[in-house]
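Q: Let me begin by handing over the structure; questions about it come next.
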Amino acid sequence: AEDALGRPAGGAPDEPAAARLDALSALVTGGTSVSPLVLAAVVHGELLALRPFAGPSGVVARAAARLTLLSTGFDPRGLVAVDVGHREREPEYAGAAGAFATGTPDGVRAWLRHYTAAIEVGADQLTAVGDEVLAAG
(Lines give C-alpha, C1' and ligand atoms only; values in the text may rest on other atoms or scores of the structure.)
Protein backbone atom coordinates (compact mmCIF):
# COMPACT_ATOMS: atom_id res chain seq x y z
CA ALA A 1 0.00 0.00 0.00
CA GLU A 2 1.12 3.54 -0.70
CA ASP A 3 1.14 4.50 3.00
CA ALA A 4 3.55 1.59 3.69
CA LEU A 5 6.17 2.68 1.13
CA GLY A 6 9.54 3.25 2.75
CA ARG A 7 8.38 1.73 6.02
CA PRO A 8 9.89 -1.44 7.47
CA ALA A 9 8.22 -4.62 6.27
CA GLY A 10 5.39 -6.00 8.35
CA GLY A 11 4.74 -2.77 10.24
CA ALA A 12 7.10 -2.02 13.11
CA PRO A 13 10.31 -4.08 13.06
CA ASP A 14 11.25 -6.17 16.07
CA GLU A 15 13.04 -4.28 18.82
CA PRO A 16 16.64 -5.32 17.97
CA ALA A 17 16.11 -4.54 14.27
CA ALA A 18 14.52 -1.20 15.14
CA ALA A 19 17.49 -0.34 17.34
CA ARG A 20 19.90 -1.23 14.54
CA LEU A 21 17.94 0.87 12.04
CA ASP A 22 17.99 3.79 14.48
CA ALA A 23 21.75 3.39 14.98
CA LEU A 24 22.28 3.22 11.21
CA SER A 25 20.18 6.34 10.75
CA ALA A 26 22.28 8.17 13.33
CA LEU A 27 25.49 7.17 11.53
CA VAL A 28 24.21 8.28 8.14
CA THR A 29 23.05 11.65 9.45
CA GLY A 30 26.47 12.60 10.78
CA GLY A 31 26.98 10.45 13.83
CA THR A 32 30.37 9.16 12.75
CA SER A 33 33.75 10.31 11.53
CA VAL A 34 34.65 7.11 9.66
CA SER A 35 35.61 7.34 6.03
CA PRO A 36 32.80 7.56 3.47
CA LEU A 37 33.88 4.20 2.06
CA VAL A 38 33.50 2.47 5.43
CA LEU A 39 30.17 4.21 6.04
CA ALA A 40 28.80 3.08 2.67
CA ALA A 41 29.97 -0.47 3.36
CA VAL A 42 28.23 -0.47 6.75
CA VAL A 43 25.02 0.94 5.26
CA HIS A 44 25.04 -1.76 2.59
CA GLY A 45 25.90 -4.56 5.01
CA GLU A 46 23.37 -3.55 7.65
CA LEU A 47 20.51 -3.27 5.18
CA LEU A 48 21.41 -6.66 3.70
CA ALA A 49 21.56 -8.20 7.17
CA LEU A 50 18.34 -6.64 8.45
CA ARG A 51 16.25 -6.92 5.26
CA PRO A 52 13.87 -4.36 6.75
CA PHE A 53 11.93 -3.59 3.59
CA ALA A 54 9.67 -5.83 1.52
CA GLY A 55 10.90 -6.79 -1.91
CA PRO A 56 14.42 -6.84 -3.24
CA SER A 57 16.46 -5.97 -0.16
CA GLY A 58 19.72 -6.24 -2.07
CA VAL A 59 18.63 -3.50 -4.47
CA VAL A 60 17.66 -1.25 -1.57
CA ALA A 61 20.97 -1.94 0.20
CA ARG A 62 23.04 -1.22 -2.91
CA ALA A 63 21.08 1.96 -3.66
CA ALA A 64 21.46 3.24 -0.09
CA ALA A 65 25.20 2.56 -0.18
CA ARG A 66 25.50 4.32 -3.52
CA LEU A 67 23.63 7.34 -2.14
CA THR A 68 26.02 7.32 0.80
CA LEU A 69 29.00 7.42 -1.57
CA LEU A 70 27.37 10.30 -3.45
CA SER A 71 26.29 12.36 -0.46
CA THR A 72 29.59 12.05 1.41
CA GLY A 73 31.57 13.24 -1.59
CA PHE A 74 33.43 9.96 -2.10
CA ASP A 75 31.86 9.63 -5.56
CA PRO A 76 30.00 12.93 -6.06
CA ARG A 77 29.04 12.19 -9.67
CA GLY A 78 28.13 8.55 -9.14
CA LEU A 79 30.68 7.31 -11.65
CA VAL A 80 32.30 4.47 -9.71
CA ALA A 81 30.56 1.28 -10.83
CA VAL A 82 30.67 -0.53 -7.49
CA ASP A 83 27.86 -2.84 -8.64
CA VAL A 84 30.23 -4.19 -11.30
CA GLY A 85 32.61 -5.10 -8.51
CA HIS A 86 29.87 -6.89 -6.59
CA ARG A 87 28.81 -8.76 -9.73
CA GLU A 88 32.34 -9.77 -10.68
CA ARG A 89 32.90 -11.07 -7.16
CA GLU A 90 29.42 -12.58 -6.74
CA PRO A 91 30.25 -15.61 -4.56
CA GLU A 92 32.39 -13.42 -2.32
CA TYR A 93 29.61 -10.81 -2.15
CA ALA A 94 27.13 -13.34 -0.80
CA GLY A 95 29.62 -14.93 1.59
CA ALA A 96 30.94 -11.65 2.93
CA ALA A 97 27.41 -10.30 3.41
CA GLY A 98 26.56 -13.39 5.43
CA ALA A 99 29.74 -12.97 7.44
CA PHE A 100 28.89 -9.31 8.13
CA ALA A 101 25.47 -10.36 9.40
CA THR A 102 27.13 -12.38 12.16
CA GLY A 103 28.42 -9.15 13.68
CA THR A 104 31.76 -10.70 14.53
CA PRO A 105 34.98 -8.76 13.94
CA ASP A 106 36.06 -11.33 11.34
CA GLY A 107 32.68 -11.09 9.61
CA VAL A 108 32.78 -7.31 9.46
CA ARG A 109 36.39 -7.44 8.28
CA ALA A 110 35.47 -9.87 5.47
CA TRP A 111 32.68 -7.55 4.35
CA LEU A 112 34.91 -4.45 4.41
CA ARG A 113 37.54 -6.29 2.36
CA HIS A 114 34.93 -7.32 -0.19
CA TYR A 115 33.43 -3.84 -0.36
CA THR A 116 36.77 -2.11 -0.90
CA ALA A 117 37.67 -4.68 -3.58
CA ALA A 118 34.33 -4.00 -5.31
CA ILE A 119 35.05 -0.25 -5.20
CA GLU A 120 38.46 -0.93 -6.74
CA VAL A 121 36.89 -2.95 -9.57
CA GLY A 122 34.39 -0.13 -10.15
CA ALA A 123 37.15 2.47 -10.20
CA ASP A 124 39.15 0.36 -12.66
CA GLN A 125 36.08 0.27 -14.91
CA LEU A 126 35.88 4.05 -14.76
CA THR A 127 39.54 4.33 -15.68
CA ALA A 128 39.09 1.95 -18.62
CA VAL A 129 36.10 3.91 -19.93
CA GLY A 130 37.98 7.19 -19.54
CA ASP A 131 40.96 5.79 -21.42
CA GLU A 132 38.67 4.64 -24.25
CA VAL A 133 37.05 8.07 -24.48
CA LEU A 134 40.42 9.81 -24.58
CA ALA A 135 41.73 7.40 -27.24
CA ALA A 136 38.63 7.96 -29.41
CA GLY A 137 38.76 11.73 -29.06
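Q: Per residue, how much accessible surface does the chain expose to a 1.4 Å probe? Answer in Å², no decimals.
A: Heavy-atom SASA per residue in the chain reads 58 Å².
Q: Counting pairwise Cα distances across the chain, what percent come out greater than 18 angstrom?
A: On the way: 5355 of 9316 pairs.
Summing the P(r) tail past 18 Å for the chain gives 57 percent.
Q: Which cross-chain or sequence-distant (5 or more) residues have an amide H under 5 Å from the amide H of Ala54, H modelled 1.01 Å from N in plane?
A: For Ala54, whose amide H was placed from the backbone, the distant partners under 5 Å are Ala9.
Q: What does the charge count around Gly78 come to, taking other residues whose C-beta lies under 14 Å from its C-beta (Lys +1, Arg +1, Asp -1, Glu -1)?
A: Cβ neighbours under 14 Å give a net charge of +1.
Q: Continuing with this model, one more query. Sort the following peptides by mean Cβ neighbour count (other Cβ atoms within 10 Å, averaged over residues), highest first: 22-28, 46-52.
A: Those peptides, ordered most packed to least, come out 46-52, 22-28.
Q: How charged is the neighbourhood of Asp106? Take every other residue with its Cβ under 15 Å from the Cβ of Asp106, and add Lys/Arg as +1 and Asp/Glu as -1.
A: Neighbour charge sum, excluding Asp106 itself: +1.
Q: Just order 79-88, 123-132 by mean Cβ neighbour count inside 10 Å, highest at the front, would you? Write down the numbers at each step before the final one.
A: Numbers: 79-88: 18.6, 123-132: 12.8.
Ranking the peptides 79-88, 123-132 by packing returns 79-88, 123-132.
The values are calculated or read from the model by the stated rules, or taken from the named source; none is laboratory data. Since this is a predicted model, take the numbers as computed values, not measurements. Note that we place each Cβ from the backbone using ideal geometry, even for glycine, and neighbour counts take in every protein chain shown. Protein only, heavy atoms only, side chains kept; ligands, DNA and RNA dropped before computing areas. Shrake-Rupley method; radii C 1.70, N 1.55, O 1.52, S 1.80 Å.
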